[in-house]
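The structure under discussion appears below in the form of structure tokens.
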Amino acid sequence: MNAHRAAFIVMVAALLVAPAVVYPVFLGDNSTFIQNDPIALSSNGTDLLTQSLFVNDAWRASNRLTVNLGLRWDKTHGEDAANQLVSNANAFSPRLGVVFDPKGDGKWSLSGSFGRYVSALSSAIVENSPAGNPASYQWLYQGPSINADANGALVTPDVALRQLFDWFNANGGTGRTPLSADVPGVNLQVADSMKSPSSYEYATGVSRAYSRGSVRVDYVFRDYKDFYIRQTDLTTGKVTDSLGRTFDVNVIKNAEGDDLKRRYQGGTVSATYRAHANIETGVSYTLSRLWGNVDGENAASGPITTTIFSYPEYREFEWNLPDGNLFGDQRHRARVWGVFRVPMAEAAGRVDLGLLFGAASGVPYGLNTNPGVAAGQIDPRPYVANPGYASPLGSSSTIDYFFFPRDQYRTEAQYRTDFSMNYSYKILGTADVFFHGEVLNVFNQFQLCGCGGTVFNNGGGSDIRTIGNSVLTASNTATLQAFNPFTETPVENVNYRLATNFGQATNRFAYTSPRTFRFNIGVRF
């Protein structure tokens with residue numbers, strides 16, 4: 001590799017900020033890193049092809065019993081950007097639904113269903129070939145310290161970088177053994193049997209129809225399977241690159257067995273009532289729980305790989321991936337709504353006014369970001385005898401440690417009232433001119449819920465990245481002490497502490513969206 005033409009990143013422990021210049025501080029005490037992210041091979045384009053066949057039939061056995069049967073078959077053939085096979089899997093997804101009307105008069109309805117649902121294969125997960133993907137090499141800077149004395153003679157960034165790379169190139173440059181490496185297609189490999197994550201769903205319900213409305217109660221249970229994982233252990237072996245450097249092999253694959261768990265159950269009660277020909281109201285309430293030990297996704301990346309099986313000697317489920325209520329666990333959700341059609345002559349058009357009140361309990365801060373509130377970063381390597389890895393923990397020197405139960409801290413509950421107006425007027429016999437207007441958060445209520453959004457995305461879900469949720473440890477704070485995660489119980493303010501902005505908004509989207517008016521007009525044919 002031609003070092004002077006390669007792109008580098010230099011990570012430093014500190015900066016000295018002057019009125020006109022920011023001086024980098026390069027220390028030779030293992031706190032300064034040099035990183036190179038070369039792309040070795042041009043991309044041929046990822047090709048993920050899924051072919052599906054679906055058969056469904058509804059059988060009305062009698063005027064009281066209806067049965068729905070379905071079967072979906074998905075065949076996936078995937079090649080990465082280097083034309084290497086990453087998936088040649090198939091999946092069957094059966095569906096069964098039964099609806100029973102005890103009297104055959106349409107008033108009562110009992111239902112039950114079972115189904116398996118398979119998601120699409122994630123290109124971000126399976127595409128880890130050397131084609132188009134950068135490798136990542138890190139080296140420690142161990143030369144003379146530069147700008148270490150704030151009161152001494154300081155050198156500008158261009159001079160400091162020249163001195164750093166003069167030392168680096170004089171001591172082997174990119175041919176030097178790296179501290180860590182992540183090399184797609186070399187030590188980072190994708191199993192050729194990758195499957196799409198799936199879930200099994202069981203549901204049942206009962207409903208009662210009345211002359212002016214209906215009441216319904218539903219229950220659903222979901223069990224998720226085939227999570228993406230990264231496995232690095234003594235069975236995955238080692239590999240040597242073209243420069244003779246040895247790395248541990250990381251294999252991206254699907255989880256096996258029942259060590260990883262993600263489950264959801266929820267019960268919903270809903271009712272509608274037509275009080276008048278022009279007035280319709282409704283209410284719904286859901287009590288639910290989402291629990292397990294793996295989220296399998298986050299707000300920044302979507303699907304992610306779980307690393308509990310990566311260097312497993314350095315982890316324990318109890319503190320690295322414990323059971324608990326997961327990030328999306330929103331225990332209570334309620335909606336109350338009403339629609340009023342304004343009495344008016346048909347020739348003048350039609351006006352519908354709507355009002356919606358929504359309330360939802362908070363969600364755990366969880367591990368939606370890294371680190372998250374439940375977890376901080378620790379380095380377990382000093383407490384484990386290396387069983388034979390080339391570089392324990394690979395490109396990362398720290399892993400997650402859950403200092404609290406996953407749901408010990410939750411966002412505030414959400415409350416919002418929205419108003420809408422729809423007006424339509426017929427023209428040319430079959431077309432409508434329409435106006436749709438909304439006032440969101442009519443009463444301008446604000447909660448620290450992580451549920452804010454722009455005018456085009458007015459929240460509702462929670463994005464924990466908008467709330468400070470970091471746990472500080474000895475890995476990022478010099479005043480805290482390291483501890484042995486296998487034998488010691490960490491002590492707050494000794495081994496860890498909450499960041500100063502913990503539980504505080506990091507930007508305006510941490511709060512409920514403010515009162516917002518939006519509208520659209522058009523012609524509907």
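What follows is calculated from the coordinates using simple rules that are stated; it is not laboratory data. Computed from a prediction, not measured in an experiment: that's the story for all the values here. Ideal geometry is used to build each Cβ from the backbone, glycine not excepted, and the neighbour counts take in all protein chains shown.
Would you kindly calculate the translational diffusion coefficient of the chain, applying Stokes-Einstein with the Kirkwood radius from alpha carbon pairs, for 25 °C and a viscosity of 0.890 mPa s, and quote it in µm² s⁻¹ without decimals?
88
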Seminar exercise, completed: Expressed to one decimal in nm², the mean projection of the alpha carbon convex hull of the stretch 416-525 is 10.7
For this session: Using Cα positions and a limit of under 18 Å, work out the lysines in reach of K195, with same-chain residues fewer than 8 apart set aside.
Result: K75, K225, K253, K261
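Kindly give Rg over Rh for the stretch 331-525, based on alpha-carbon atoms, with the Kirkwood expression for the hydrodynamic radius. Spell out each step's value before the answer.
Working: Rg = 25.5 Å, Rh = 20.6 Å.
My calculation of the ratio gives 1.24.
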Seminar exercise, completed: Taking the dipole of the stretch 14-140 about the Cα centre (Lys, Arg +1; Asp, Glu -1; charges at Cβ), the one of S122, A40, Q84 that reaches farthest to the positive side is S122
Exercise. Taking the highest mean first, how do the peptides 401-413, 283-295, 378-390 order by number of other beta carbon atoms within 10 angstrom per residue?
Worked result: 401-413, 283-295, 378-390
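Can you list the trypsin sites (Lys or Arg not before Pro) in the stretch 103-178 that are in a DSSP coil and have 11 or fewer other beta carbons within 10 angstrom?
Qualifying residues, ordered by number: K103.
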